[in-house]
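Report on the following structure.
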Amino acid sequence: MQHLNQLQALRRQRAEWRQAGLRVALVPTMGNLHAGHLSLIRRAAASADRIIATVFVNPLQFGAGEDFAAYPRSLERDSDMLRDAGCDLLFAPSEAEVYPRGRDRQTYIEVPGLSDQLCGASRPGHFRGVATLVAKLFNLVQPEVAIFGEKDFQQLLVIRRMVEDLNLPIEVVGVPIVRESDGLAMSSRNSYLSAAERAIAPRLQASLITAAARLRSGANVAEVELDAKAALAAAGFEPDYVSVRRRADLAEPEPEPEHETRLGLGSAEDRALIILAAAQLGRARLIDNLVCDLDAPLAEPARNLRP
Ligand code: PAF
């Protein structure tokens with residue numbers, strides 16, 4: 001595996017692979033890799049001839065008072081893991097290489113609407129920072145396909161919208177959440193949890209499972225959201241949101257006007273749902289989500305429920 005940190009060297013290698021007719025997959029990360037990231041590399045291998053992974057802790061997506069300085073950095077270990085997983089090129093640039101004019105003088109990419117709600121409401125500027133960095137990586141690498149985890153579901157939709165709005169010829173692929181054996185979604189920030197917090201953390205997923213079951217048996221959306229937040233607070237989290245949204249566009253599902261359909265929600269898009277949650281637990285901001293299809297037969301488990 002090549003390990004590069006200069007833009008020009010990355011461009012040269014990419015041009016060589018283009019000339020050779022090779023299809024390239026990009027896997028952007030902030031490092032401190034875990035099994036979730038490795039599933040992105042496996043997905044990349046299935047859809048391209050060459051895999052480029054990036055490790056860059058992007059200062060633009062952290063707000064004042066957030067954990068930019070403390071964010072775990074483990075480049076040597078990340079490099080070993082990527083090489084063993086079959087990655088062809090690791091690009092790990094310095095901040096000066098990515099933002100040569102400085103963080104405050106960088107041209108930004110804004111994805112309006114999708115970026116301002118849920119995590120975007122609590123972390124103003126976060127998705128602008130993500131979209132700006134990802135757009136730069138897309139321009140540099142010009143991958144045929146780019147792979148992102150579905151744990152950051154809002155991020156995935158923001159990136160898809162950016163690609164659509166800017167007419168970028170890139171396929172954006174989402175990969176299902178990888179979980180610990182007790183259901184906790186894998187995250188680089190899990191390392192912030194104390195032993196006591198780690199024992200509580202799987203309740204985030206548990207609250208989503210309960211919420212999905214209640215929605216599927218006809219409970220009111222607002223009540224389900226409120227009860228899930230209350231359950232998280234009672235367990236020791238500081239919940240930010242638990243929100244039931246349409247999976248296609250993160251809009252709030254519309255009730256069916258005459259409440260004729262089962263569960264009282266309108267069109268097919270209003271019944272293809274996702275429940276998203278974010279909560280602080282000690283130093284860690286945890287996020288998770290669960291697909292909830294109201295039209296799926298009740299016996300069938302939702303897609304990312306563990307068996
Ligand atoms: O999901 C992440 O790790 C980051 O937000 C990303 C996409 C690598 C951009 O910095």
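The values are calculated or read from the model by the stated rules, or taken from the named source; none is laboratory data. Here the structure is a predicted model, which means the values were calculated and not measured. Neighbour counts run over all protein chains shown; Cβ positions are idealised from the backbone, glycine included.
Only residues that are hydrophobic (A, V, I, L, M, F, W, C) and within 13 Å of the ligand (Cβ to nearest atom): list them for the range 40-94, please.
Keep residues of the range 40-94 that are hydrophobic (A, V, I, L, M, F, W, C), which gives 40-41, 44-46, 48, 51-53, 55-57, 60, 62, 64, 68-70, 75, 81-82, 85, 87, 89-92.
Selection gives Leu40, Ile52, Ala53, Val55, Phe56, Val57, Leu60, Phe62, Phe68, Phe91, Ala92.
Looking across the range 11-28, the residues that are touching a residue at least 40 places away in the same chain (Cβ under 8 Å) and either within 14 Å of the ligand (Cβ to nearest atom) or small (Gly, Ala, Ser) (or both) come down to Ala25, Leu26, Val27, Pro28. In the condition set (1) out of contact with any Phe, Trp or Tyr (no Cβ under 6 Å at 6 or more places or on another chain); (2) without any contact (Cβ under 8 Å) to a residue 60 or more places away in the chain, Arg50 is compliant with all but (1). Contact annotation: residue pairs with Cβ atoms under 8 Å, 6 or more positions apart or on different chains, pairing a residue in the range 155-171 that is over 17 Å from Lys136 (Cβ atoms) and aliphatic (A, V, I, L, M) with a partner that is within 12 Å of the ligand (Cβ to nearest atom) and modelled with pLDDT of 95 or more, are Leu156/Phe148; Leu156/Gly149; Leu156/Glu150; Leu156/Val172; Leu156/Gly174. The residues listed here are Arg11, Arg23, Arg18; of these, the one that is of a type in the set (Lys, Arg) and out of contact with any strand residue (DSSP E or B) (no Cβ under 9 Å at 6 or more places or on another chain) is Arg11.
Only residues that are over 25 Å from Val24 (Cα atoms) and out of contact with any helix residue (DSSP H, G or I) (no Cβ under 7 Å at 6 or more places or on another chain) were counted across the range 90-114, and they come to 9. Examine the range 138-153 for a residue that is within 23 Å of Gly120 (Cα to Cα), within 16 Å of the ligand (Cβ to nearest atom) and of a type in the set (A, V, I, L, M), and state whether such a residue exists. Within the range 138-153, one or more residues are within 23 Å of Gly120 (Cα to Cα), within 16 Å of the ligand (Cβ to nearest atom) and of a type in the set (A, V, I, L, M).
When you check His3 against the structure, is it surrounded by fewer than 19 Cβ atoms within 10 Å (Cβ to Cβ) and within 12 Å of the ligand (Cβ to nearest atom), yes or no? The answer is no for His3. For Ile109, the criteria (1) within 13 Å of the ligand (Cβ to nearest atom); (2) assigned to a helix (DSSP H, G or I); (3) under 21 Å from Pro169 (Cβ atoms) hold in every case but one, which is (2). Within the range 18-49, the residues that satisfy the criterion of being surrounded by 19 or more Cβ atoms within 10 Å (Cβ to Cβ) and farther than 30 Å from Asn190 by Cα are Val24, Ala48.
Which one is farthest from the ligand (Cβ to nearest atom) among residues in the range 154-176 that are in a helix (DSSP H, G or I), aliphatic (A, V, I, L, M) and over 28 Å from Gln19 (Cα atoms)? Before you say what the answer is, go through the steps one by one.
The initial filter retains those residues of the range 154-176 that are in a helix (DSSP H, G or I), namely 154-165.
Checking which are aliphatic (A, V, I, L, M) leaves us with 156-159, 162-163.
Filter once more, keeping what is over 28 Å from Gln19 (Cα atoms): 156-158.
Working: Leu156: 9, Leu157: 13, Val158: 10 Å.
So, considering only residues that are in a helix (DSSP H, G or I), aliphatic (A, V, I, L, M) and over 28 Å from Gln19 (Cα atoms), the one farthest from the ligand (Cβ to nearest atom) is Leu157.
With respect to (1) of a type outside the set (Lys, Arg); (2) touching a Leu at 6+ places or on another chain (Cβ under 8 Å); (3) within 11 Å of the ligand (Cβ to nearest atom), the lone exception for Ala131 is condition (2).
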